[in-house]
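**Q** Sharing a structure below in structure tokens format, with a few things to ask.
The values are calculated or read from the model by the stated rules, or taken from the named source; none is laboratory data. What you see is a predicted model, and the numbers here were worked out from it, not measured in a lab. Here the Cβ positions follow ideal geometry from the backbone for every residue, glycine too, while neighbour counts run over all protein chains shown.
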Amino acid sequence: MSASQEEFTRIQDTTPRRLPPYGAELDARLEYGNLPLWVCIIAGRGAWKRARDPGVRLGDCLPLTWDGGDPSRYRWPVEGCFCWLDAEPGPSVEQVRELAAELLLAGAAGVLAIWSDWGESGRSSGSRTGPRAM
């Protein structure tokens, strides 16, 4: 590895990761020890719209959104929180596993993933719907 590649890697490793969309409120609450009951991570088609729905905040649940990309590019403010992943229709099994691992590394107390695999027809593919064990 050349000196410039080493420097780039060093800078990249120390660059602070940004919060996921809707993460600022949760980050502020965690700073003061005011943990929500659930952190609802919403992914898939219509995630931004679903995150803005007041029904998501019923009880003590704060939403975050995830685009299905590399979850390690974000700083997940979930330390001590239980996370619920709502991905309908959305990411693959492998993407959900990567996100769950990232959330646990960030200190999540637990991760519950519920998602569906809808085909282009908008109908369930049958055998791959509903909750799945990871």
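**Q** Quick one: how many residues across region 1-36 are assigned to a loop (DSSP other than H, G, I, E, B) and at pLDDT 85 or above?
**A** Within region 1-36, the first condition is being assigned to a loop (DSSP other than H, G, I, E, B), and the residues that meet it are 1-2, 15-17, 19-22, 32-36.
Still in the running and at pLDDT 85 or above: 17, 19-22, 32-36.
Count: 10.
**Q** Does Tyr32 satisfy the condition of being of a type in the set (Ser, Thr, Tyr), out of contact with any strand residue (DSSP E or B) (no Cβ under 6 Å at 6 or more places or on another chain) and surrounded by fewer than 17 Cβ atoms within 10 Å (Cβ to Cβ)?
**A** Details: of a type in the set (Ser, Thr, Tyr): yes; out of contact with any strand residue (DSSP E or B) (no Cβ under 6 Å at 6 or more places or on another chain): yes; surrounded by fewer than 17 Cβ atoms within 10 Å (Cβ to Cβ): yes.
Against the criterion (of a type in the set (Ser, Thr, Tyr), out of contact with any strand residue (DSSP E or B) (no Cβ under 6 Å at 6 or more places or on another chain) and surrounded by fewer than 17 Cβ atoms within 10 Å (Cβ to Cβ)), Tyr32 qualifies.
**Q** Are there any pairs with C-beta distances below 6 angstrom linking a residue in region 55-84 that is under 18 Å from Arg18 (Cα atoms) to a residue that is in a strand (DSSP E or B) and not small (Gly, Ala, Ser), with the two at least 6 apart or on different chains, and if so which?
**A** Leu62/Val39; Pro63/Cys40; Pro63/Ile42; Leu64/Ile41; Thr65/Ile42; Trp66/Ile41; Val78/Val39
**Q** Starting from region 89-108, keep only residues that are farther than 13 Å from Ile41 by Cα, then list their pairs with residues that are in a helix (DSSP H, G or I) whose Cβ atoms are within a distance under 7 Å, requiring at least 6 positions of separation or different chains.
**A** Glu98/Pro71
**Q** Can you pull out the residues in region 63-75 that are touching a Lys or Arg at 6+ places or on another chain (Cβ under 9 Å) and more than 16 Å from Ala113 (Cα to Cα)? First the steps, then the outcome.
**A** If we filter region 63-75 for residues that are touching a Lys or Arg at 6+ places or on another chain (Cβ under 9 Å), which is where we start, we get 63, 65, 72-75.
Across region 63-75, the qualifying residues are Ser72, Arg73, Tyr74, Arg75.
**Q** Take the residues of region 38-92 that are surrounded by 13 or more Cβ atoms within 10 Å (Cβ to Cβ), of a type in the set (A, V, I, L, M) and out of contact with any Cys (no Cβ under 9 Å at 6 or more places or on another chain): which is farthest from Leu26 (Cα to Cα)?
**A** Ala87
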